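The values are calculated or read from the model by the stated rules, or taken from the named source; none is laboratory data. Remember, it's a predicted structure, so these values are computed and weren't measured experimentally. When we count neighbours, we look across all protein chains shown, and the Cβ atoms used for this are built from the backbone with ideal geometry, even at glycine.
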Amino acid sequence: MTSTMEDDSMGKIVAIGGVTPPSKLDLIDKEIIELTKKKNPRILYIPTADGDDLGYCDFFKSIYKGKFGCKFDTLFLVRDTPTEDETREKVFTSDIVYVEGGSIFRLMDYFKKFNMDKVLKEAYKREIVLAGKSAGGLCWGKYYFENDNTKDFEIDEFNKGMDIECLKLLDFAICPHYNLQGYSERLEAMVKAHSVVGIALDNNCAIEIIDNNYRIIAANDNANAYKVYQNGTKINKEMISKDCNFRSINKLLQVSEK
């Protein structure tokens, strides 16, 4: 089995596994900003997954505007009901679109409701930097497997969880919080169900993708990323090298049958 990105793939994505307090993501945040090649880029913060929590908004603003000097704007999809023209205006006038973590159920529901899936795919082609952590990081991939109590789903145990179809800008599944209990099982469920390569990200670790190349960046030394895939009936896990050089994403995703 060989899994590859689209030949005409373009764009910039930084998917972050999450953050473990009191750790800070300064190194990753700075890289997101540097990708714009602007001193004071305009960043659009989308807090949909956490229900448009104003506390998170203020905290995020204190970092990107207060610490790094970005021009800051917020897109509320839970508190407000913007038109598609309004969402497109906010997204396409931004240098960075940053999607917050929280419920992937809520995030994808609202993205579909407001046609954000189409808007963000167009932003990707325009090479606007797309970033996010946790649900806001995994949403750029293909699928996610989750059991969640924020919606009216009857889920009694992990094996009765639900598949979530994500934006599919990346040709693999992303699993955040991989160093925390229970997340390896979720990724294995995705890999088995969809015959897809999974990229697992510990908290404080991110995969940075520019066009068809990638590298792993981490805010601390013990945060890592892994490639998880199925070979026959076996699930394999390989640590991905943390290297300052970019490498081919197609080579990373290649899985040969044995």
Assess whether GLY102 counts as being touching a helix residue (DSSP H, G or I) at 6+ places or on another chain (Cβ under 6 Å) and at positive phi. yes
The condition of being over 22 Å from LEU167 (Cβ atoms) and modelled with pLDDT of 95 or more holds, among LYS90, LYS38, only for LYS38
Only one of (1) hydrophobic (A, V, I, L, M, F, W, C); (2) over 16 Å from the mean Cα position of the chain (by Cα); (3) modelled with pLDDT of 95 or more fails for VAL197. Which number is that? (2)
Single condition VAL196 does not satisfy, out of (1) over 22 Å from THR20 (Cα atoms); (2) touching an Asp or Glu at 6+ places or on another chain (Cβ under 6 Å): (2)
In the stretch 184-207, is there at least one residue being without any contact (Cβ under 8 Å) to a residue 12 or more places away in the chain and either within 17 Å of GLY11 (Cβ to Cβ) or outside any helix (DSSP H, G or I) (or both)? no
Of the residues THR93, THR36, THR87, which is crowded, with 19+ Cβ neighbours inside 10 Å and in contact with a Lys or Arg (Cβ under 9 Å, 6 or more places away or on another chain)? THR36
For the stretch 208-243, name all the residues that are outside any strand (DSSP E or B) and either under 23 Å from TYR124 (Cα atoms) or touching a helix residue (DSSP H, G or I) at 6+ places or on another chain (Cβ under 6 Å) (or both). ASP211, ASN212, ALA219
Based on what the data block shows, is GLY69 at pLDDT 95 or above, of a type outside the set (Val, Ile, Thr), over 17 Å from VAL91 (Cα atoms) and in contact with a Pro (Cβ under 6 Å, 6 or more places away or on another chain)? no
In this structure, does ASP171 turn out to be modelled with pLDDT of 95 or more, within 14 Å of the chain's Cα centre (by Cα) and not hydroxyl-bearing (Ser, Thr, Tyr)? no
